[in-house]
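The values are calculated or read from the model by the stated rules, or taken from the named source; none is laboratory data. In this text, all values refer to a predicted model and were calculated from it rather than measured experimentally. All Cβ positions, glycine included, derive from the backbone under ideal geometry; neighbour counts span all protein chains shown. All accessible areas refer to the heavy atoms of the entire protein, side chains included, with ligands and DNA or RNA removed. Shrake-Rupley method; radii C 1.70, N 1.55, O 1.52, S 1.80 Å.
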Amino acid sequence: MITIRSLTKEDLSYIQDIDFMVWLSISYNKAVMKEQAVAAVDEEGTVCGAAAFTRSATWYYLDGEKKPEFGTVTKDCEYKLDVLYGVMEEHPKQEEIQKALFDSLKKKLSELKQVHPGQKLSIRCFAEDNDHDEIDFLLRNGFIVKGMMPVLSYDLTGDIAIPKIPENIRIGLHSFKEDGMDQYLKANAAGFIAQDSEDEMRFRLGGETTAVICAYDKDEVVSSVTVWEIGNGRSATENIFTVPDYQRKGIGTAVVLSALKLLKDRGEREATLSVVGDNKNAIAFYEGLGYHYKYGLLEMCFE
């Protein structure tokens, strides 16, 4: 029988061996709701899994932690918590452990709904479209497919030419010292419906390979791309945005290509990004830059 209990500090050393990224996120990512984290323990008292919620960008509006000027969310916004979990690979009861962890998280979602009555709350997972076992597990446990996010790939082995941009615009690596984070978040909120999570960004910046490439008009951020190494010669190009007043001027194109050139110079062979499935303009933009479809991520939610 698998028992679920609150995660303790002592459990983290076991979690590090089970899933390094889960351990790293719970230990250092402030976007993770540590007070909701749970551990799975088997009959012999061995910690064999862990799970927690990671706040989505809109969740900060629900908690009232964001200032209104940092972005807007619609009245009927759905507030999502992303599931972070890991299960001991060699354990003979893997699916039982996973189900116990998810049942616990679903119970916690019910409790959070009582705290926020009348709000649309859900928990979310992403599954690769060829991961049939994961998709089957989620469907059998009450998750539904809310959408598909194409993952696009760019071949970094070819030449990368950066186009000319308006003379008042410069491109460079962004510094988050002093007021650098506020500069970035202000532009980020203008470029998206809801500002990205500051906690998630600070966690990402802790990685040695993370870099944020921005376009500036004087000292104002107007476009940006964040990159980090995934492994096996592949890096991510994510958090891509351009402030509306600076769109359709070739600035976003130049920023993305500058990021790709940086990765190529590092010796990376491939860059990938994910995009909301129904964002036809974004998909056309990336395909125009040379990105191609790689696989799909299914957004699966439990409401």
**Request:** Work out how much length Lys249 to Glu10 would gain on full extension: take 0.36 nm times their residue separation and subtract the Cα-Cα distance, in nm to one decimal.
**Result:** 80.7 nm
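Kindly give the semi-axes, whole Å and largest first, of the ellipsoid equivalent to the stretch 204-303, taking each as the square root of 5 times a Cα gyration tensor eigenvalue. List each step's numbers first, then the result.
Details: eigenvalues 89, 74, 41 Å².
After diagonalising the Cα gyration tensor, the semi-axes are 21, 19, 14 Å.
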**Message:** Leaving out ligands, DNA and RNA, and with a 1.4 Å probe, what % of the accessible surface on the chain is carbon or sulfur?
**Reply:** 49 percent
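Do the sum for the chain: with -39,500 (n - 2.57) for every DSSP H run of n ≥ 4, divided by all residues, what is the mean residue ellipticity at 222 nm, to the nearest 500 deg cm²/dmol? Write out the running numbers ahead of the final one.
Working: 9 runs with 97 residues, N = 303.
So the helix-based figure for the chain works out to -9500 deg cm²/dmol.
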**Asked** Which percent of Cα pairs goes in each bin when the distances of the chain are cut into 10 angstrom slices starting at zero?
**Response** 6, 24, 33, 25, 10, 2, 0
**Cα-based Rg of the stretch 77-197 normalised by 2.2 N^0.38 Å, two decimals** = 1.54
**Asked** Which order, highest average first, do 157-169, 259-271 follow once you tally other Cβ atoms within 10 Å for each residue and take the mean per peptide?
**Response** 259-271, 157-169
**Average accessible surface area per residue within the chain, 1.4 Å rolling probe, Å²** = 52 Å²
**Request:** Stick to the Cα atoms of the stretch 203-261, pair each with every other, and give me the Kirkwood hydrodynamic radius in Å at one decimal.
**Result:** 12.0 Å
**Item:** Cα pair distances exceeding 25 angstrom across the stretch 130-231, given as percent
**Value:** 42 percent
**Asked** If you average the sequence gap of Cα pairs under 8 Å that are 6 or more apart and divide by the length of the stretch 234-303, what percent do you get for the contact order?
**Response** 39 percent
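List the pairs from Lys9/Lys146; Lys186/Lys294; Lys264/Lys294; Lys120/Lys249 whose alpha-carbon separation is above 29 Å, in the order I gave them.
Details: Lys9/Lys146 35 Å; Lys186/Lys294 32 Å; Lys264/Lys294 19 Å; Lys120/Lys249 38 Å.
Those over the limit are Lys9/Lys146; Lys186/Lys294; Lys120/Lys249.
Could you tell me the relative contact order of the chain? Use alpha-carbon pairs under 8 Å, at least six residues apart, and round to a whole percent.
Over the chain, the number comes to 22 percent.
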**Message:** Connecting C-alpha atoms closer than 10 Å in a GNM of the chain, tell me which of Gly206, Gly277, Gly191 has the biggest fluctuation.
**Reply:** Gly206
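Note down the Stokes-Einstein diffusion coefficient of the stretch 162-214 in µm²/s, whole number, using a Kirkwood radius over alpha carbon pairs, 10 °C, and 1.306 mPa s.
Working: Rh = 12.6 Å.
In µm²/s, the coefficient is 126.
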